[in-house]
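In what follows, a single structure is set out as C-alpha coordinates and then discussed.
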(Lines give C-alpha, C1' and ligand atoms only; values in the text may rest on other atoms or scores of the structure.)
Protein backbone atom coordinates (compact mmCIF):
# COMPACT_ATOMS: atom_id res chain seq x y z
CA UNK A 1 0.00 0.00 0.00
CA UNK A 2 2.87 2.39 0.75
CA UNK A 3 4.33 1.76 -2.70
CA UNK A 4 1.09 2.96 -4.28
CA UNK A 5 1.52 6.48 -2.89
CA UNK A 6 5.18 6.68 -3.93
CA UNK A 7 4.55 5.54 -7.50
CA UNK A 8 4.86 8.22 -10.19
CA UNK A 9 3.36 6.20 -13.04
CA UNK A 10 0.82 8.24 -14.96
CA UNK A 11 1.89 11.70 -13.74
CA UNK A 12 2.32 12.97 -17.29
CA UNK A 13 -1.14 11.77 -18.29
CA UNK A 14 -2.69 13.41 -15.24
CA UNK A 15 -0.92 16.72 -15.85
CA UNK A 16 -1.90 16.63 -19.51
CA UNK A 17 -5.50 15.97 -18.59
CA UNK A 18 -5.56 18.96 -16.24
CA UNK A 19 -3.65 21.46 -18.41
CA UNK A 20 -4.85 20.58 -21.93
CA UNK A 21 -8.36 22.04 -21.49
CA UNK A 22 -6.82 25.30 -20.24
CA UNK A 23 -4.51 25.59 -23.24
CA UNK A 24 -7.32 24.63 -25.62
CA UNK A 25 -9.53 27.36 -24.12
CA UNK A 26 -6.73 29.90 -24.56
CA UNK A 27 -6.30 28.98 -28.23
CA UNK A 28 -10.05 29.21 -28.81
CA UNK A 29 -10.14 32.65 -27.17
CA UNK A 30 -7.32 33.86 -29.40
CA UNK A 31 -9.26 32.68 -32.47
CA UNK A 32 -12.42 34.36 -31.13
CA UNK A 33 -10.54 37.65 -30.68
CA UNK A 34 -9.35 37.43 -34.28
CA UNK A 35 -12.91 36.88 -35.48
CA UNK A 36 -14.09 39.85 -33.43
CA UNK A 37 -11.44 42.16 -34.86
CA UNK A 38 -12.25 41.01 -38.38
CA UNK A 39 -16.00 41.58 -37.90
CA UNK A 40 -15.58 45.04 -36.36
CA UNK A 41 -13.16 46.16 -39.07
CA UNK A 42 -15.33 44.78 -41.89
CA UNK A 43 -18.57 46.40 -40.68
CA UNK A 44 -16.79 49.71 -39.99
CA UNK A 45 -15.40 49.66 -43.54
CA UNK A 46 -18.85 48.82 -44.95
CA UNK A 47 -20.47 51.76 -43.15
CA UNK A 48 -17.78 54.18 -44.34
CA UNK A 49 -17.96 52.92 -47.94
CA UNK A 50 -21.76 53.11 -47.99
CA UNK A 51 -21.74 56.70 -46.70
CA UNK A 52 -19.16 57.61 -49.34
CA UNK A 53 -21.24 55.92 -52.05
CA UNK A 54 -24.39 57.77 -50.91
CA UNK A 55 -22.56 61.09 -51.15
CA UNK A 56 -20.80 60.52 -54.48
CA UNK A 57 -22.57 57.89 -56.61
CA UNK A 58 -26.25 58.77 -57.03
CA UNK A 59 -26.71 56.14 -59.77
CA UNK A 60 -25.86 53.14 -57.56
CA UNK A 61 -26.64 54.64 -54.13
CA UNK A 62 -29.47 57.08 -54.83
CA UNK A 63 -32.07 55.52 -52.53
CA UNK A 64 -31.91 54.20 -48.98
CA UNK A 65 -32.56 50.65 -50.22
CA UNK A 66 -29.65 50.85 -52.67
CA UNK A 67 -27.35 52.13 -49.92
CA UNK A 68 -28.46 49.32 -47.60
CA UNK A 69 -27.81 46.73 -50.30
CA UNK A 70 -24.40 48.26 -51.01
CA UNK A 71 -23.47 48.27 -47.32
CA UNK A 72 -24.69 44.70 -46.88
CA UNK A 73 -22.51 43.54 -49.79
CA UNK A 74 -19.49 45.36 -48.35
CA UNK A 75 -20.04 43.88 -44.88
CA UNK A 76 -19.51 40.32 -46.15
CA UNK A 77 -23.01 39.41 -44.88
CA UNK A 78 -22.02 39.94 -41.24
CA UNK A 79 -24.94 42.35 -40.73
CA UNK A 80 -28.37 42.04 -42.37
CA UNK A 81 -29.18 44.70 -44.95
CA UNK A 82 -32.20 45.91 -42.99
CA UNK A 83 -30.07 46.76 -39.95
CA UNK A 84 -28.18 49.49 -41.82
CA UNK A 85 -29.79 52.84 -41.07
CA UNK A 86 -29.49 55.35 -43.91
CA UNK A 87 -30.12 59.10 -43.87
CA UNK A 88 -29.81 60.70 -47.29
CA UNK A 89 -30.10 64.33 -46.21
CA UNK A 90 -26.96 66.45 -46.44
CA UNK A 91 -24.56 65.00 -45.40
CA UNK A 92 -25.64 61.40 -46.06
CA UNK A 93 -25.09 59.16 -43.05
CA UNK A 94 -25.06 55.40 -42.61
CA UNK A 95 -25.26 53.60 -39.26
CA UNK A 96 -25.18 49.94 -38.27
CA UNK A 97 -25.16 47.76 -35.18
CA UNK A 98 -23.18 44.55 -34.86
CA UNK A 99 -24.19 41.98 -32.25
CA UNK A 100 -21.18 39.68 -31.91
CA UNK A 101 -21.52 36.42 -29.95
CA UNK A 102 -18.68 35.92 -27.47
CA UNK A 103 -17.73 32.37 -26.47
CA UNK A 104 -20.92 30.68 -27.72
CA UNK A 105 -19.33 27.30 -26.89
CA UNK A 106 -18.59 28.13 -23.22
CA UNK A 107 -20.51 31.03 -21.66
CA UNK A 108 -22.72 32.54 -24.39
CA UNK A 109 -23.02 36.30 -24.35
CA UNK A 110 -23.24 39.07 -26.93
CA UNK A 111 -21.26 42.26 -27.36
CA UNK A 112 -22.91 45.09 -29.30
CA UNK A 113 -20.98 47.54 -31.44
CA UNK A 114 -22.40 50.65 -33.07
CA UNK A 115 -20.99 52.24 -36.22
CA UNK A 116 -21.87 55.56 -37.86
CA UNK A 117 -20.33 57.45 -40.74
CA UNK A 118 -21.32 60.65 -42.51
CA UNK A 119 -19.70 61.80 -45.72
CA UNK A 120 -19.92 65.33 -47.04
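The values are calculated or read from the model by the stated rules, or taken from the named source; none is laboratory data. What you see is a predicted model; the values in this text were computed from it and never measured. Every residue, glycine among them, receives a Cβ derived from its backbone with ideal geometry; neighbour counts consider all protein chains shown.
Can you go through 67, 40 and tell me which one is touching a helix residue (DSSP H, G or I) at 6+ places or on another chain (Cβ under 8 Å) and surrounded by 13 or more Cβ atoms within 10 Å (Cβ to Cβ)?
Numbers: 40 fails: touching a helix residue (DSSP H, G or I) at 6+ places or on another chain (Cβ under 8 Å).
None of the others qualify; the one that does is 67.
Conditions first: (1) more than 30 Å from residue 91 (Cβ to Cβ); (2) over 21 Å from the mean Cα position of the chain (by Cα). Residue 31 passes all but one, so which condition is the exception?
It fails just one condition, (2).
Test each condition in (1) surrounded by fewer than 18 Cβ atoms within 10 Å (Cβ to Cβ); (2) more than 11 Å from the chain's Cα centre (by Cα); (3) assigned to a helix (DSSP H, G or I) for residue 46 and report the one that comes out false.
(1)
Which numbered condition trips up residue 49, out of (1) in contact with a helix residue (DSSP H, G or I) (Cβ under 6 Å, 6 or more places away or on another chain); (2) at pLDDT below 95?
Single failed check for residue 49: (2).
Can you tell me how many residues within the stretch 59-95 are farther than 16 Å from residue 48 by Cβ, without any contact (Cβ under 8 Å) to a residue 12 or more places away in the chain and not in a loop (DSSP other than H, G, I, E, B)?
Residues flagged as farther than 16 Å from residue 48 by Cβ, without any contact (Cβ under 8 Å) to a residue 12 or more places away in the chain and not in a loop (DSSP other than H, G, I, E, B) within the stretch 59-95 amount to 2.
Restricting attention to the stretch 82-101, which residues are in contact with a helix residue (DSSP H, G or I) (Cβ under 7 Å, 6 or more places away or on another chain), surrounded by fewer than 16 Cβ atoms within 10 Å (Cβ to Cβ) and closer than 17 Å to residue 40 by Cα?
Within the stretch 82-101, 97 is the sole residue that qualifies.
Of the conditions (1) under 15 Å from the mean Cα position of the chain (by Cα); (2) within 26 Å of residue 29 (Cα to Cα), residue 74 fails just one. Which one is it?
If we test residue 74 against (1) under 15 Å from the mean Cα position of the chain (by Cα); (2) within 26 Å of residue 29 (Cα to Cα), just (2) comes out false.
Tell me yes or no: at least one residue of the stretch 10-33 is on the phi > 0 side of the Ramachandran plot and loosely packed, with under 13 Cβ neighbours inside 10 Å. Walk me through how you get there before you give the answer.
Filtering the stretch 10-33 for residues on the phi > 0 side of the Ramachandran plot gives 10.
Right, trim to loosely packed, with under 13 Cβ neighbours inside 10 Å and you get 10.
There is at least one residue in the stretch 10-33 that is on the phi > 0 side of the Ramachandran plot and loosely packed, with under 13 Cβ neighbours inside 10 Å.
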